[in-house]
Amino acid sequence: MTMTLIVVAVVSGALLVGAAWGIYGTLSKRTEGFLIALAGGALLLSVVSELIEPSIEKSSVFHAMLGVAAGAIVFAVVDYLIDEKWGGESGGGLLAAITLDGIPENLALGVALIGAGPLEVAALAGSILLSNLPEAAGGARAMSGDGHSKGKVMLMWAATAALLSAAAIIGNIALAGVGEEWLAIIRCFAAGAVVASLATEVFPQAYKEDRHWAGIATALGVILAFVLGDLGAV
């Protein structure tokens, strides 16, 4: 449990760092787009190698397909509702979208930590941390631009970080005794939601901000995830 709390605190803390960066930093749009693509590439590989592949090995392809499809469908439906109600380009819409994105990510992190050693989840945790930084920066910057005070924006992101931390801890505790077939579906459900979020939120934003280098950054993110995965396998 101690390791779980440490990992969750570091990953969720990246949201606060990213929010502060978005409010007070001066990073260019192109650099931000490059970092978003980098994080997206790392996260894409991580959900495949750390969630989907282990689920297939321990359960079946059918359970993996069921979970991934269900996660992607649920994310797409809820994301559509968020866009229609709050507006996908507004600060509030971005906060809601990132929260929706973060819940399956952190749930997956909590599930992945079940029975895992300290370094076995390095790729997934590192990729989520990398994705949290630029996403939070963009959301906080948009919220500040909408007229919210800097203190209120930071408070809202702190509440978001707390909510996502709770998702990871609940996933780790509540699902510890679940059978492997159901655990495989849950892991893949989270993976499907994350993949859908990458397709609809992360990569389009990265391409918009830095279209010439987004592909290279994504490839570098994949390489980074491989390196983190190797560290976890040591």
Treating each Cα of the stretch 128-234 as an identical point scatterer and ignoring solvent, apply the Debye formula and state log10 I(q)/I(0) at q = 0.12 Å⁻¹.
-> -0.62
Build a GNM of the chain with springs between Cα atoms under 10 Å: which of Ile186, Ile216, Ile23 gets the top mean-square fluctuation?
-> Ile216
Kirkwood Rh and Cα Rg combined as Rg/Rh, the stretch 163-222 | 1.15
Full extension from Trp182 to Arg211: what is 0.36 nm times the residue separation minus their Cα-Cα distance, to one decimal in nm?
-> 6.5 nm
Can you work out the FRET efficiency for the pair Thr31 and Ile223, with r the C-beta to C-beta distance and R0 = 25 Å, to the nearest 0.05?
-> 0.85
Solvent-accessible area per residue for the chain at a 1.4 Å probe radius, Å²?
-> 45
Carbon/sulfur accessible area of the chain, % of total, 1.4 Å probe, equals 71
Volume in Å³ per residue [convex hull over Cα atoms, computed for the chain] | 107
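The values are calculated or read from the model by the stated rules, or taken from the named source; none is laboratory data. Being a predicted model, the structure only gives us computed values, none of them experimental. For neighbour counting, all protein chains shown are included, and Cβ atoms are generated from backbone atoms with ideal geometry for every residue, glycine included. Just so you know, the surface numbers come from the protein's heavy atoms only, side chains and all, with ligands and any DNA or RNA stripped out. Shrake-Rupley method; radii C 1.70, N 1.55, O 1.52, S 1.80 Å.
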